[in-house]
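A.B. asks: My structure is below; once you've seen it, I'll send some questions.
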Amino acid sequence: MSSIVNVAIHASQSPENVRRDLLESLRTRRVNHKFHYDSVKQTNKWLALHQVHSPSRNDRDCAATYNRAFASAAKAITSKVVHLIGLGCGGGQKDTRLLKLLKAAGKTISYTPSDVSVAMTLVAQQAALDVLPSGKIFPLVCDLATADDLSGLFTHRPSPTAYRIITFFGMIPNFEPNDILPKLAALMRRGDSLLFSANLAPGRNYEAGVKKVLPQYDNELTRDWLLTFLLDLGAERSDGELNFKAERGVGALRRIVARFRFRKARSLMVEGRPIRFLAGETVRLFFSYRYTPELIRAELAKHGLLVCDQWITKSEEEGVFLCYRKNNAARR
């Protein structure tokens, strides 16, 4: 096995663009989520947090729900050549489980793990090596929020004629839906399928359901992970406090938000340039939308993405949705 991994890096993650996005995050006091995965240290902290608090890792029914979705999606594919595109691939565990099913079905497979984090993309690439040779894996580092040429990125990677299944697991909570869903819709070609997961608010009362899942966020591992961003820029834990709150997002949607409030003035350094925060100022470090199955289907439909099947966990805290473009479900 070669000791060299070829990774394509999109211009959205070029040093000058990353610097621009970082300065914008600090200027607006709204941190771009990608900066929580920027370093190997942050990636490892997120993976540890995910292992402890993610239902997909510690809830057997949640894992089984994903397995049912994977089996159904794989069974529906009649094409012999399949390209799996993992957007926001994270550690790649879910994508790898789907790859194994496609391989068992006799498909000729290629895989593009894509994430904003180089470290995370490499973790996914390593996971996929259990299923595919390195020559069939095409890692791509890309910022989905700022890339304006997504459709062109995957047209010829690796085959323009392969059937494409696009995965988008655990990503929608950290995007404004009206920003990311048009991008997903534009990316999908005729016949492509989208396997999409969403974090849900359990129960009949939407607001109460959002509050019920708050402990999944308001915990020491999440605090340590999120605060790493500020600490690496020169802040200290004693500078303020991190608070989590359920609040209204866009439209009727609700989300959980983490904000750090400075108790005292602090200057953070970016390439020798001080960014000053006054006592009492807050920085939004993180947000996570929670949906219901009805809400997520409605949001997808606004952008021409139709749900043809869904799998909801018994806890009602997570759902997986198989989607196609409207009037565009040919050639599977």
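The values are calculated or read from the model by the stated rules, or taken from the named source; none is laboratory data. What you see is a predicted model, and the numbers here were worked out from it, not measured in a lab. Cβ atoms come from the backbone with ideal geometry, glycine included; neighbour counts cover every protein chain shown.
A.B. asks: Going by what's in this entry, would Arg255 be described as assigned to a strand (DSSP E or B) and either under 26 Å from Phe229 (Cβ atoms) or at pLDDT below 95 (or both)? Steps first, please.
C.D. replies: Numbers: assigned to a strand (DSSP E or B): yes; either under 26 Å from Phe229 (Cβ atoms) or at pLDDT below 95 (or both): yes.
Considered against the rule, which asks whether it is assigned to a strand (DSSP E or B) and either under 26 Å from Phe229 (Cβ atoms) or at pLDDT below 95 (or both), Arg255 comes out as yes.
A.B. asks: Just a yes or no: is a residue in region 159-175 part of a loop (DSSP other than H, G, I, E, B), in contact with a helix residue (DSSP H, G or I) (Cβ under 7 Å, 6 or more places away or on another chain) and closer than 22 Å to Ser72 by Cα? Please lay out each step first, then the result.
C.D. replies: Going residue by residue through region 159-175, those that are part of a loop (DSSP other than H, G, I, E, B) are 159-162, 169-171, 175.
Still in the list and also in contact with a helix residue (DSSP H, G or I) (Cβ under 7 Å, 6 or more places away or on another chain): 169.
From what is left, the residues that are closer than 22 Å to Ser72 by Cα are 169.
Within region 159-175, one or more residues are part of a loop (DSSP other than H, G, I, E, B), in contact with a helix residue (DSSP H, G or I) (Cβ under 7 Å, 6 or more places away or on another chain) and closer than 22 Å to Ser72 by Cα.
A.B. asks: List the helices (runs of 4 or more DSSP H) inside region 38-98, counting only whole elements, that have at least 2 residues being free of Cβ contacts under 8 Å to residues at least 40 places away in the same chain and over 21 Å from Asp224 (Cα atoms).
C.D. replies: Details: elements: 40-53, 55-58, 60-75.
Counting at least 2 such residues, we get 60-75.
A.B. asks: Please find, among Arg254, Arg248, Arg263, Arg237, the residue that is at negative phi and either surrounded by 18 or more Cβ atoms within 10 Å (Cβ to Cβ) or in the same structural domain as Arg20 (by TED's automatic domain parsing) (or both). Before you say what the answer is, go through the steps one by one.
C.D. replies: On the way: Arg248 fails: either surrounded by 18 or more Cβ atoms within 10 Å (Cβ to Cβ) or in the same structural domain as Arg20 (by TED's automatic domain parsing) (or both); Arg263 fails: either surrounded by 18 or more Cβ atoms within 10 Å (Cβ to Cβ) or in the same structural domain as Arg20 (by TED's automatic domain parsing) (or both); Arg237 fails: either surrounded by 18 or more Cβ atoms within 10 Å (Cβ to Cβ) or in the same structural domain as Arg20 (by TED's automatic domain parsing) (or both).
It is Arg254.
A.B. asks: While we're looking at this one, here's another question. Would you confirm whether or not region 125-138 contains a residue that is crowded, with 22+ Cβ neighbours inside 10 Å and in a strand (DSSP E or B)?
C.D. replies: Yes, the conditions are met somewhere in region 125-138.
A.B. asks: I've got another one for you. Would you confirm, using the coordinates I've provided, whether Ser151 is within 30 Å of Lys80 (Cα to Cα), surrounded by fewer than 21 Cβ atoms within 10 Å (Cβ to Cβ) and among the hydroxyl-bearing types (Ser, Thr, Tyr)?
C.D. replies: On the way: within 30 Å of Lys80 (Cα to Cα): yes; surrounded by fewer than 21 Cβ atoms within 10 Å (Cβ to Cβ): yes; among the hydroxyl-bearing types (Ser, Thr, Tyr): yes.
The answer is yes for Ser151.
A.B. asks: Residue check, Ile256 against (1) in contact with a strand residue (DSSP E or B) (Cβ under 9 Å, 6 or more places away or on another chain); (2) of a type in the set (Val, Ile, Thr); (3) more than 30 Å from Asn58 (Cα to Cα), all met but one. Which one?
C.D. replies: Ile256 satisfies every listed condition except (3).
Each row is one residue, and each column tells you yes or no for (1) touching a strand residue (DSSP E or B) at 6+ places or on another chain (Cβ under 7 Å); (2) in the same structural domain as Arg254 (by TED's automatic domain parsing); (3) at pLDDT 90 or above.
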{"residue": "Leu122", "(1), (2), (3)": "no, no, yes"}
{"residue": "Lys136", "(1), (2), (3)": "yes, no, yes"}
{"residue": "Pro139", "(1), (2), (3)": "yes, no, yes"}
{"residue": "Gly152", "(1), (2), (3)": "no, no, no"}
{"residue": "Pro160", "(1), (2), (3)": "no, no, no"}
{"residue": "Phe169", "(1), (2), (3)": "yes, no, yes"}
{"residue": "Asp179", "(1), (2), (3)": "no, no, yes"}
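A.B. asks: List, please: which pairs have Cβ atoms under 6 Å, are six or more places apart or on different chains, and start with a residue in region 220-249 that is farther than 23 Å from Leu23 by Cα and end with one that is among the hydroxyl-bearing types (Ser, Thr, Tyr) and in a strand (DSSP E or B)?
C.D. replies: As it stands, the answer is Gly249/Tyr289, since those pairs meet every condition given.
A.B. asks: Looking at (1) touching a Phe, Trp or Tyr at 6+ places or on another chain (Cβ under 9 Å); (2) under 30 Å from Ala73 (Cβ atoms); (3) among the hydrophobic types (A, V, I, L, M, F, W, C); (4) surrounded by 15 or more Cβ atoms within 10 Å (Cβ to Cβ), which one does Ile312 not meet, given that it meets all the others?
C.D. replies: Just one mismatch for Ile312, condition (1).
A.B. asks: Considering only residues of region 1-37 that are out of contact with any Leu (no Cβ under 7 Å at 6 or more places or on another chain) and under 12 Å from Trp225 (Cβ atoms), which is surrounded by the most Cβ atoms within 10 Å (Cβ to Cβ)?
C.D. replies: Once the filter is applied, the top-ranked residue is Tyr37.
A.B. asks: Okay, moving on. Would you check which residues across region 99-146 are within 11 Å of Gly86 (Cβ to Cβ) and either in contact (Cβ under 8 Å) with a residue 40 or more places away in the chain or among the basic types (Lys, Arg) (or both) and list them?
C.D. replies: Of region 99-146, the ones within 11 Å of Gly86 (Cβ to Cβ) are 99, 111-115, 120-121, 124-125, 127-128, 137-140.
Correct list: Thr112, Asp115, Met120, Thr121, Gln125, Phe138, Pro139, Leu140.
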